[in-house]
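Coordinate-derived values only; no laboratory data. Keep in mind it's a predicted model, so treat the numbers as computed, not measured. A quick note on method: Cβ atoms are made from the backbone with ideal geometry, for glycine too, and the neighbour counts reach across all protein chains shown.
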Amino acid sequence: MHLLSELLSQSPQTSSVKKQHRGIEIKSQREIAIMRQAGKIVATVLQEISELVQPGMTTAF
């Protein structure tokens with residue numbers, strides 16, 4: 001989580017006008033790199049929690 005916060009804090013301020021094509025916002029290489037890193041973090045979390053949860057498990061305390 002710290003790594004993602006660090007990456008986001010380093011991202012340059014972008015103008016409010018971004019390139020768009022047919023309503024799709026074009027991402028910068030930096031934004032793509034941040035999204036890729038976020039995906040890796042999510043994949044790691046999902047892998048780790050999949051080892052902890054079991055069918056029928058409840059979130060009740």
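Sequentially through region 39-48, phi angles give Karplus couplings (6.51, -1.76, 1.60; θ = phi - 60°) of x, 5, 5, 4, 4, 5, 4, 4, 5, 5 Hz, Gly and Pro residues having no value and appearing as x. Modelled this way, with points 7 Å down the Cα-to-C-beta line, the labels at K40 and M57 are 2.6 nm from one another.
Most tightly packed first, judged by the mean number of other beta-carbon atoms within 10 Å of their residues, the peptides 36-45, 50-59, 22-31 read 36-45, 22-31, 50-59.
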